[in-house]
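Below: the structure, in structure tokens.
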Amino acid sequence: MKRLTLRTQLLLGILLPVAALISVNTVSLYEQASRSADMAYDRTLLASAKLIGEFLSVAGSGPEARLEAAVPYSALEPFEADKRSRMYYKVSGFSHELVSGFPELRTWQGKLPDGGPYSALVHFYDDSFRGERVRVAVLLQPVATPTALGMATIQVAETMELREALARQILISTLWRQLALVVVIAVVVVIVVQRATRPVRQLSADIARRTENDLTPIGAEGTPRELRPLLDATNQVMQRLKHLLDHQKRFVRDTSHQLRTPLAVLKVQVQSALRGDVGPDQALQEINQTVDRATVLANQMLALAKVEQLRLQDPNDAPLADWAEIVRAVALDLSALIGERHLDFDIATQPSPVRSHEWALRELTRNLLHNAIKHTPDHGRLSVRLHSDGRHAALVISDSGPGITEEQRERLFTPFAAGDLRSGVGLGLAICREIVDALGGSITLDNRRAPGRVLGLDATVRLGLHHHTDEA
């Protein structure tokens, strides 16, 4: 069935049950018609038997009484509908002796009912006579005279040609009507299926005519209601593909643009060192700074590309991770930078299970904490707090730096929009925003103020907590 076209499946799905129902109905109708024909022709046989009974008489009396029948064959001719059927009869006397008729016709051996007054008793059955199937009517006819009383047995048989011909005629007539009904249904189904699948063929043609770069939404005007979910799902997939392709193009463009600058600077520095314009120590130091900057840029560009893959995954498929353990591990990794700056650092965490890949939480926490370390002055205060309100986990990293302006607030989450171009490449907060969006959370940057001055910056990230009851 999976290899068949939709039209063929619909035709088979409709016509096969209809054909089965028609077959059953035809057989039932044929049997009913046959029974009706038997009832009609059986009345003819009974009338013939009664007619023969009118010609019966009794000769003699007492033990010498015997039955006589003077039945001319012409008496049966009015009951012959046409020349296709033949009728035979047999009259048996009081002791089942042959009185008149065809002796080859088997004598009926049925039992008479016990007790009660005599009455006309009729029985019909099928038999064979002279190699042909016949229908036989038996009439038990009481015969009474002043001198004798007895029961005569009258048998009238009719060949089955006329009955079979009538049954065949009824069957053929019924089959023609049923066949015409099937043809009408098939034609209607083909026309309806053709009209119903026209939007599908039109949609297929429209998609086939599209260019390889055309990922605009497919119009749903004039399409049946049943196709709307398919179109919506297709448009969603195309929108995701468009977003992915745009991201890849932007990634390639930004990478080539951003790497071109440090590579050009590195080339100039190497040439300057070869010419002896600067001392070897200074040249190596400048080259080392340029390489570090290019390394950070490459790592962050790769992290940004990896985050884009995270956006395409179902958040419910992510493993369970304890954010508190990750925050403490990241703080331990960056402890050397904290110690180098002689910062007053404190950290407080609560267990916070969230649905996320560990590398994503680690990248998010590392970028925020690294930015806070860079913008906190030497011997300044830096704190990390991770707490929950029962529904969300909130990570708050508070530095004691200069804070941000309103203009910076609008663009800091944009790639390559660093607050201080000399201290970064401007991808850290962009990566944080992408991770938070992929995890369905929120991130904010707020200045911590005192009257007349800024005390520092609070970077706050909120993610939904995972509850064990969610898996029940």
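Scan 168, 106 and give me the residue that is surrounded by fewer than 16 Cβ atoms within 10 Å (Cβ to Cβ), at pLDDT 85 or above and not in a strand (DSSP E or B).
Step by step, each of 168, 106 is checked, and only 106 is surrounded by fewer than 16 Cβ atoms within 10 Å (Cβ to Cβ), at pLDDT 85 or above and not in a strand (DSSP E or B).
For region 362-396, name all the residues that are of a type in the set (A, V, I, L, M) and part of a strand (DSSP E or B).
Within region 362-396, 382, 384, 386, 393, 394, 395, 396 meet the criteria.
Can you list the strands (runs of 3 or more DSSP E) lying wholly within region 301-360 that have 1 or more residues being at pLDDT below 90 and among the aliphatic types (A, V, I, L, M)?
Because the criterion is at least 1 residues that are at pLDDT below 90 and among the aliphatic types (A, V, I, L, M), the strands (runs of 3 or more DSSP E) in region 301-360 that meet it are 320-322.
Within region 217-245, can you find the residues that are surrounded by 10 or more Cβ atoms within 10 Å (Cβ to Cβ), free of Cβ contacts under 8 Å to residues at least 24 places away in the same chain and in a loop (DSSP other than H, G, I, E, B)?
Of everything in region 217-245, those that are surrounded by 10 or more Cβ atoms within 10 Å (Cβ to Cβ), free of Cβ contacts under 8 Å to residues at least 24 places away in the same chain and in a loop (DSSP other than H, G, I, E, B) turn out to be 217, 218, 219, 220.
Step by step: first the residues of region 345-392, then only those that are of a type outside the set (S, T, N, Q), more than 23 Å from residue 412 (Cβ to Cβ) and in contact with a Phe, Trp or Tyr (Cβ under 8 Å, 6 or more places away or on another chain), then the one that is surrounded by the fewest Cβ atoms within 10 Å (Cβ to Cβ). Which residue is that?
Restricting to residues being of a type outside the set (S, T, N, Q), more than 23 Å from residue 412 (Cβ to Cβ) and in contact with a Phe, Trp or Tyr (Cβ under 8 Å, 6 or more places away or on another chain), the top hit is 353.
So which residues in region 318-353 are touching a Leu at 6+ places or on another chain (Cβ under 9 Å) and free of Cβ contacts under 8 Å to residues at least 12 places away in the same chain, if there are any at all?
If the condition is that a residue be touching a Leu at 6+ places or on another chain (Cβ under 9 Å) and free of Cβ contacts under 8 Å to residues at least 12 places away in the same chain, then no residue fits.
Regarding region 78-100, can at least one residue be identified that is of a type in the set (Phe, Trp, Tyr), surrounded by fewer than 17 Cβ atoms within 10 Å (Cβ to Cβ), at pLDDT 75 or above and closer than 19 Å to residue 140 by Cα?
Checked region 78-100: no residue is of a type in the set (Phe, Trp, Tyr), surrounded by fewer than 17 Cβ atoms within 10 Å (Cβ to Cβ), at pLDDT 75 or above and closer than 19 Å to residue 140 by Cα.
If I filter region 456-467 for residues that are modelled with pLDDT under 75 and surrounded by 15 or more Cβ atoms within 10 Å (Cβ to Cβ), do I get at least one hit?
no
Cβ-Cβ below 7 Å, separation at least six or inter-chain, first residue in region 444-463 and basic (Lys, Arg), second assigned to a loop (DSSP other than H, G, I, E, B): which pairs?
Cβ pairs passing all conditions: 462/441.
The values are calculated or read from the model by the stated rules, or taken from the named source; none is laboratory data. Fair warning: this is a prediction, and the values are worked out from it, not measured in the lab. Methodologically, a virtual Cβ is constructed for each residue, glycine included, from the backbone with ideal geometry; neighbour enumeration extends over all protein chains shown.
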